[in-house]
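Below is one structure, written out as structure tokens, with a few remarks after it.
The values are calculated or read from the model by the stated rules, or taken from the named source; none is laboratory data. Not measured: the values here are computed from a predicted model. Positions of Cβ are backbone-derived with ideal geometry, glycine not excepted, and every protein chain shown enters the neighbour counts. Only protein heavy atoms, including side chains, enter the accessible area calculation; ligands, DNA and RNA are left aside. Shrake-Rupley method; radii C 1.70, N 1.55, O 1.52, S 1.80 Å.
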Amino acid sequence: MTMNALFRHSIPAIFAVLSLSAGVASAADGQLKLPNFDSLTDKASESVTITLDSALLGLAARFLDPTKPEDAAAREAIQGIKGIYVRSYKFDQDFAYPKSDVEMVRKQLIGPGWQRLVEVRSRKEQQNVDIYILVEQERANGLAIIASQPREFTIVNIVGSIDMRKLHELEGQFGIPKLELEQKDGPKK
Amino acid sequence: MSKDFEQQLRDALRPVEPEDGFEQRVMARITSEQTRARSKVTRWVSVALAASVVFAAILGTHEWQVRREQEGLEARKQLIEALRLTGEKLDVAYQAVNREPQPPPDNESGA
């Protein structure tokens, strides 16, 4: 095989390996590729689009008032977090959103490292909630929540080191109830 | 009397040849006056320019701070909203998990 032929055959292979490793890196840092939901904004009766990367999180943290319990809890909760991405839409009609987009996000969570923590399928309320965590070296480095109902869906993606204890400490803040995470694993009394 | 006066007047108004270098001195004086006036204008323009630059810098910094503060407050609002929504969905999952009836352990043998 000549040098040129060797290069000709090697280059596609190198690109394949690079794109594969790029994909793995993307999955490894816990950030999901969220579809472009711009077209839904006009259809939705309510929409929330939140994109907070590490720079914006740092900026937000500077404007949190440590004397306010809500702000202090938020400051604690975002320590180690590199990004928070939320897409939430409410509609006046059933299934006005393309399910395929939600499924596309769900498919990314089949990737290595992601574990489904909770799966809720409520036939009565037609409500589905899936909670996934990205576990790396026994630490949660990402969190994904996909919640869908006929008239609304929400995708939450938190990137970075997530301390479930701190999440637990958010009890009573932002409407988060007492999760009793530690008690779930242990024997019930 | 009037003759004397006329003579005096004629003497006073007689053409006098300028001294040597008079023209050069006059021209040099004019040039130096112009230069002085120009340098005064230049100095004022420089001062005005410097003041404008300082004013623009102060205004720019102030606007940047205002914009940064707005961005920061908006980011804070988004963070609180994101945590609220996350909490809401965790709440839904928590309530649903707690509602789900636990299957009895004996049912496993029937599978």
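Some notes on this structure:
- Hz values of 3J(HN,Hα) by residue in region A:76-82 - Karplus curve (6.51, -1.76, 1.60), Gly and Pro given as x: 5, 5, 8, 5, x, 8, 9
- Rounded to whole Hz, the Karplus (6.51, -1.76, 1.60) HN-Hα couplings of region B:63-70, x for glycine and proline: 5, 5, 5, 4, 5, 4, 5, 4
- For residue A:139, no residue has an amide H sitting under 5 Å from its own, ignoring neighbours fewer than 5 places away on the same chain, with H placed 1.01 Å from N.
- Per DSSP, loop trypsin sites (Lys or Arg not before Pro) in region A:62-149 with at most 12 further Cβ within 10 Å: A:123, A:124
- Applying 1/(1 + (r/R0)^6) with R0 = 22 Å to the Cβ-Cβ distance of residue B:98 and residue A:43 gives a FRET efficiency near 0.05.
- Near residue B:3: Cβ cut-off under 14 Å, other residues only, Lys/Arg at +1 and Asp/Glu at -1. The net charge is -2.
- Net charge contributed by nearby residues that have their C-beta within less than 11 Å of residue A:59 (K/R +1, D/E -1): -1
- Take residue B:42: with every protein chain present and a 1.4 Å probe, its accessible area is about 80 Å².
- Region A:56-165: GluC sites (Glu not before Pro) in DSSP loop, at most 15 other beta carbons within 10 Å: A:125, A:138
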